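The values are calculated or read from the model by the stated rules, or taken from the named source; none is laboratory data. Just so it is clear, the model here is predicted, and its values are computed rather than measured. So basically every Cβ, Gly included, is an ideal-geometry build from the backbone, and we count neighbours across all protein chains shown. Heads up: the accessible areas ignore ligands, DNA and RNA and are worked out on the full protein's heavy atoms, side chains in. Shrake-Rupley method; radii C 1.70, N 1.55, O 1.52, S 1.80 Å.
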Amino acid sequence: MYPKAFSLSIEGQNRTTTEPKMTEAEPSNNSTVAKPRLVICIGDIHGHITKLQNLWSNLETQFDPQHFNAATIIFLGDYCDRGPDTKKVLDFLIDLPSRYPNQKHVFLSGNHDFAFAAFVGVLPEPQNGVSFKEGWEEYEESEDREGWYKGDGYENMHLEGRRWAGHIKVGFNTIKGTECKGSIYDAGPTFTSYGVPHGSSDLLKAVPDDHKKFLADTVWVHEEDDVCIEDEEGIRHCKLIAAHAGLEEGKNVGEQLRFLKAKETHVPKIEALSGRKTVWDIPKELTEKPTIVVSGHHGKLHIEGLRLIIDESGGFENKPLAAIALPSMKLVRDTDNLTK
């Protein structure tokens, strides 16, 4: 059964919000029980700095300052591409720990961030003596259509870096119904935000060192051992696993987590970052013990039991950037008109 807060938020997604400030599972006045910690998961930003700033302002307004300033904030990845301001988005995110020193900030890597990192050369080197070049062969039939990057440094670049900086020949994405922005990743606006043309090797010099470090430090998976969720039965204590796209069904979860934590880059595509149907559901192995699996990536807002997919915007200008707060399951959007 869906928590009440979820159904109310979905029904009211376009309305003006004038509800009082949330204080996450506030106990009665006579209770001394500590409130469950506030955990906020923020969907794919995709270069939209104004959306990010508005969402952050709404989150500050929505929650009691004491709890917001001590919250765990999990960004679900895909900070770059599509929108015009990737550089400003990364500046904003990099500054958060100094602006909010008592918060815990988790920055997941999305498939777009992985590809950006591949192009600027900050991915870990593959293990077992293999080269990035060995990963091209499986997908070489797409090279001409996707116009893979062949400029300076391509010789030992990860497949996704070449696809990211390439020049796709088909200008219209029939699946999404949108024009491609430079490459299959819509990376053109990211290059522009750093002041260089799409596909230019000059991006390696234009991206500041702190941005490269940010990309290098993003994690492929994140675990929290005790996250509360509120439903009609009360407060439940759960484990939480966050991965940009999700975890694969039919594969041992422990092995997946070890692979993702090790950042194994010898494979050309990482399902937990870029998969679709294979990572949509919670692996059956995780249903034995209450485990929240939260992701972005899919261009949808989908909440089914403990499976949370928070990517309402998909990086598109006309769709809202959303976040979900636990334990209340409250949805907050950049488009909400909140009163203090």
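For residues in the range 276-297 being among the hydrophobic types (A, V, I, L, M, F, W, C) and in contact (Cβ under 8 Å) with a residue 60 or more places away in the chain, which is surrounded by the fewest Cβ atoms within 10 Å (Cβ to Cβ)? Reasoning before the result, please.
From the range 276-297, those among the hydrophobic types (A, V, I, L, M, F, W, C) are 279-280, 282, 286, 292-294; that's our starting set.
When the remaining residues are screened for being in contact (Cβ under 8 Å) with a residue 60 or more places away in the chain, the result is 292, 294.
Values: 292: 23, 294: 27.
If we take residues in the range 276-297 being among the hydrophobic types (A, V, I, L, M, F, W, C) and in contact (Cβ under 8 Å) with a residue 60 or more places away in the chain, then 292 is surrounded by the fewest Cβ atoms within 10 Å (Cβ to Cβ).
Quick one: would you say residue 324 is in a strand (DSSP E or B) and either open to solvent by 50 Å² or more (accessible area, probe 1.4 Å) or in contact with a Cys (Cβ under 7 Å, 6 or more places away or on another chain) (or both)? Full working, then the answer.
Details: in a strand (DSSP E or B): yes; either open to solvent by 50 Å² or more (accessible area, probe 1.4 Å) or in contact with a Cys (Cβ under 7 Å, 6 or more places away or on another chain) (or both): yes.
Against the criterion (in a strand (DSSP E or B) and either open to solvent by 50 Å² or more (accessible area, probe 1.4 Å) or in contact with a Cys (Cβ under 7 Å, 6 or more places away or on another chain) (or both)), residue 324 qualifies.
Kindly evaluate residue 272 against the criterion of being closer than 19 Å to residue 161 by Cα, part of a helix (DSSP H, G or I) and under 21 Å from the mean Cα position of the chain (by Cα). Here the answer is yes, as residue 272 does meet what is asked.
Quickly run through the range 213-230 and pick out the residues that are of a type in the set (A, V, I, L, M), open to solvent by 30 Å² or more (accessible area, probe 1.4 Å) and outside any strand (DSSP E or B).
Looking only at the range 213-230, we keep the residues that are of a type in the set (A, V, I, L, M), and these are 215-216, 219, 221, 227, 229.
Among the residues that remain, those that are also open to solvent by 30 Å² or more (accessible area, probe 1.4 Å) are: 216, 219.
216 - this is the single residue of the range 213-230 that is of a type in the set (A, V, I, L, M), open to solvent by 30 Å² or more (accessible area, probe 1.4 Å) and outside any strand (DSSP E or B).
Restricting attention to the range 231-256 and to residues that are more than 23 Å from residue 219 (Cα to Cα) and part of a strand (DSSP E or B), the residue that is most open to solvent (accessible area, probe 1.4 Å) turns out to be 237.
Taking the criterion of being among the small types (Gly, Ala, Ser) and either touching a Pro at 6+ places or on another chain (Cβ under 8 Å) or at positive phi (or both), the residues of the range 120-146 that qualify are 121, 129, 135. Among the residues making up the range 57-90, those that are part of a helix (DSSP H, G or I), open to solvent by 10 Å² or more (accessible area, probe 1.4 Å) and either of a type in the set (Lys, Arg) or free of Cβ contacts under 8 Å to residues at least 40 places away in the same chain (or both) are 57, 60, 65, 66, 87, 88.
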